[in-house]
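The structure under discussion appears below in the form of structure tokens.
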Amino acid sequence: MKLMEGKKGIILGVANDKSIGWACAKQLHDAGATIGFSYLNDAIEKRVRPLAESIGAEYIEKCDVTKDEEIESFVKGFGEKYGQIDFIVHSLAFADGEDLKAGVLNTSRDGFKLANDISAYSLIAVTREARPYMKEGSAVVSMTYLGSTRVVEGYNVMGIAKAALETANMYLAHDLGPDGIRVNTISAGPIKTLAASGVPRFKAMLKRFADSAALGRNVVAEEVGKTCLYLLSDLSSGVTGETHYVDAGYQTMGFKHPKED
């Protein structure tokens, strides 16, 4: 029997075949899970639908997480179709490009609200709508980044939003823990995705990261997908409220001599 055989759940935030959410989807599918996918708009649907259908997905619906009615429709639709929601993968975040460039000091009020609404509050809203369809053993995984706990130049307001996401993760784990539902987040190293393209000097970040990481390299989306599978499966039945690093050991390092030394 496959690890996720009979498990059914939703993934939010797949944008294309380079997305971390898609890497998670492939691992979950290969492990036997049935998956529903969201998309933001028609342009994203054109990329997401063929990917989802390639692994046999039958539930592919629009969901703008800034709109409560669309969250309710998306989550409830899946729950009623399958009668259960065993897992949620929250793999979406957004900040206005101008606010990312502005630095934290000059972040606009609207930009701050938008980044936190999409990147953090949506985890709470989606989980709340899914709760009636979840049971003991269900699990939630979201995606964060080191910029939540350390200053990463250029990450700016997104770092604040990710800090909010990680705190929401812990409090949701507390709220849902008595019902046997687990909530964790993955802090991945920098990966070339559509979302990452909005971070200033991202290519330089990749090089510095690889030079400083304990493993001496960058991570790939597949490695995050494998960790997502672990956190959603019974293999991690005693793990909740955690931020799990998949970053080639970067966050453990204090100083590493440059290679030329």
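The values are calculated or read from the model by the stated rules, or taken from the named source; none is laboratory data. Please read these numbers as outputs of a predicted model, since none were measured by experiment. Ideal geometry is used to build each Cβ from the backbone, glycine not excepted, and the neighbour counts take in all protein chains shown. Accessible surface areas use protein heavy atoms only, side chains included; no ligands, DNA or RNA. Shrake-Rupley method; radii C 1.70, N 1.55, O 1.52, S 1.80 Å.
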Item to check | Amide hydrogen neighbours beyond the local backbone of Leu92, cut-off 5 Å, H modeled | outcome: Met143
Checklist entry - Who wins for biggest fluctuation among Gly103, Gly56, Gly238 in a Gaussian network model of the chain, springs between alpha carbons below 10 Å? => result Gly238
Checklist entry - What is the spin-label model distance, in nm, from Val104 to Lys46 if the labels are put 7 Å beyond Cα along the C-beta direction? => result 3.9 nm
Checklist entry - Gaussian network model of the chain, Cα springs within a sub-10 Å range: biggest mean-square fluctuation belongs to which of Ser91, Ser73, Ser119? => result Ser73
Item to check | Area of Asp42 that stays accessible when all protein chains are in place (1.4 Å probe, Å², to 10) | outcome: 110 Å²
Item to check | Folded to 0 to 90 degrees: helix 157-176 orientation relative to the chain principal axis, Cα | outcome: 40 degrees
Checklist entry - In this model, which of Lys81/Lys135; Lys113/Lys135; Lys18/Lys81; Lys67/Lys113; Lys2/Lys162 are farther than 22 Å apart at the alpha-carbon? => result Lys113/Lys135; Lys18/Lys81; Lys2/Lys162
Next on the checklist: Tell me the accessible surface of Phe209 in square angstrom (1.4 angstrom probe, heavy atoms of protein chains only), to the nearest ten.
Outcome noted: 10 Å²
Checklist entry - When only Cα pairs under 8 Å and 6 or more residues apart are kept, what is the percent relative contact order across the stretch 1-83? => result 27 percent
Item to check | Longest site-free stretch - the chain; sites: GluC sites (Glu not before Pro), DSSP loop, at most 16 other Cβ within 10 Å | outcome: 154-259
Item to check | Carbon plus sulfur fraction of accessible area for the chain, probe 1.4 Å, in percent | outcome: 52 percent
Item to check | Disulfide-incompatible cysteines by the Cβ rule (no partner under 4.7 Å) in the chain | outcome: Cys63
Checklist entry - Where does each of Ile44, Ile10 land when they are ordered by accessible area, with a 1.4 Å probe and the largest first? => result Ile44, Ile10
Checklist entry - What shape does the stretch 54-186 have by the C-alpha gyration tensor, where a ≥ b ≥ c are the square roots of the eigenvalues, rounded means a/c under 1.5, and otherwise prolate means a/b greater than b/c and oblate the rest? => result prolate
Item to check | Lys, Arg +1 and Asp, Glu -1 on Cβ, resulting dipole of the chain about Cα centre, debye, nearest 20 | outcome: 660 debye
Checklist entry - Mean residue ellipticity at 222 nm from the helices of the chain, using -39,500 (n - 2.57) per DSSP H segment of n ≥ 4 over the full residue count, to the nearest 500 deg cm²/dmol? => result -12500 deg cm²/dmol
Checklist entry - Once Lys and Arg get +1 and Asp and Glu get -1 on their Cβ, which of Gln27, Tyr121, Val141 lies farthest toward the positive end of the dipole of the chain? => result Gln27
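Could you give the accessible area per residue of the stretch 142-228, probe 1.4 Å, as a whole number in Å²?
Each residue of the stretch 142-228 exposes 46 Å² on average to a 1.4 Å probe.
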Item to check | log₁₀ of I(q)/I(0) at q = 0.22, 0.23 Å⁻¹ - the stretch 44-125, Debye sum with one point per alpha carbon | outcome: -1.11, -1.16
Checklist entry - With the chain treated as a Gaussian network of Cα nodes joined by springs under 10 Å, which of Ser237, Ser142, Ser122 yields the largest mean-square fluctuation? => result Ser237
Item to check | Under 14 Å, Cβ to Cβ, from Arg217 - net charge with Lys/Arg +1 and Asp/Glu -1 | outcome: +1
Checklist outcome for this item: Taking max minus min of the Cα coordinates of the stretch 149-261 on each principal axis, largest first, gives extents in Å of 52, 30, 27
Checklist entry - At a probe radius of 1.4 Å, what is the per-residue accessible area of Lys256, in Å² to the nearest 10? => result 80 Å²
Checklist outcome for this item: Among Met205, Leu235, Val157, the residue whose Cα sits farthest towards the positive end of the charge dipole of the stretch 146-261, when +1 is placed on the Cβ of each Lys and Arg and -1 on the Cβ of each Asp and Glu, is Met205
Item to check | Cα shape, the stretch 1-86, gyration tensor, a/c 1.5 rule | outcome: oblate
Checklist entry - Can you give the relative contact order of the chain as a percent, counting alpha carbon pairs under 8 Å and 6+ residues apart? => result 19 percent
